[in-house]
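The values are calculated or read from the model by the stated rules, or taken from the named source; none is laboratory data. Everything numeric in this text was worked out from a predicted model, so none of it was measured. Keep in mind that these areas ignore ligands, DNA and RNA; they rest on the heavy atoms of the full protein, side chains included. Shrake-Rupley method; radii C 1.70, N 1.55, O 1.52, S 1.80 Å.
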Amino acid sequence: QVQLVESGGGLVQPGGSLRLSCAASRSIFSIYAMGWYRQAPGKQRELVAAITKGGSTNYADSVKGRFTISRDNAKNTVYLQMNSLKPEDTAVYYCNADLVPAPITIATPGNYWGQGTQVTVSS
């Protein structure tokens, strides 16, 4: 079973920066779209940023200009660079990916989630 493993969360002061990483736990045949979602207490999970295999990106309006999503296809890893963090960015951040594990048993990509990493922005 493929797992997406996130790292890089923590406590940061307003205006600070964090970099989240997410990597697959086993061999992958192919990864397609990858993204980061977040869920704050009492709120629904929301898309923060997404990136296609070709590198096209889209962002939630609330993070445009502050967050940057990127990926390393050779390492099956996606990153989220978060700058100018605000208290309202506090949430559990989840990695998500459409991928086909190796060896191939089913060619259709499955959708996978990471376990989440806590980001807290507070002074």
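Solvent-accessible surface of the chain, averaged per residue with a 1.4 angstrom probe and all protein chains in place: 53 square angstrom. Build a GNM of the chain with springs between Cα atoms under 10 Å apart, and of Pro109, Pro101, Pro41 the one that fluctuates most is Pro41.
Measuring only protein heavy atoms, the 1.4 Å probe finds Thr108 accessible over about 100 Å². Between Arg66 and Glu46, residue separation times 0.36 nm minus the direct Cα-Cα distance comes to 5.5 nm.
Taking every lysine pair in the range 24-123 that is 8 or more places apart or spans two chains, those with Cα atoms closer than 21 Å amount to 5. At the residue level, Ile69 shows approximately 10 square angstrom of accessible surface with a 1.4 angstrom probe and all protein chains present.
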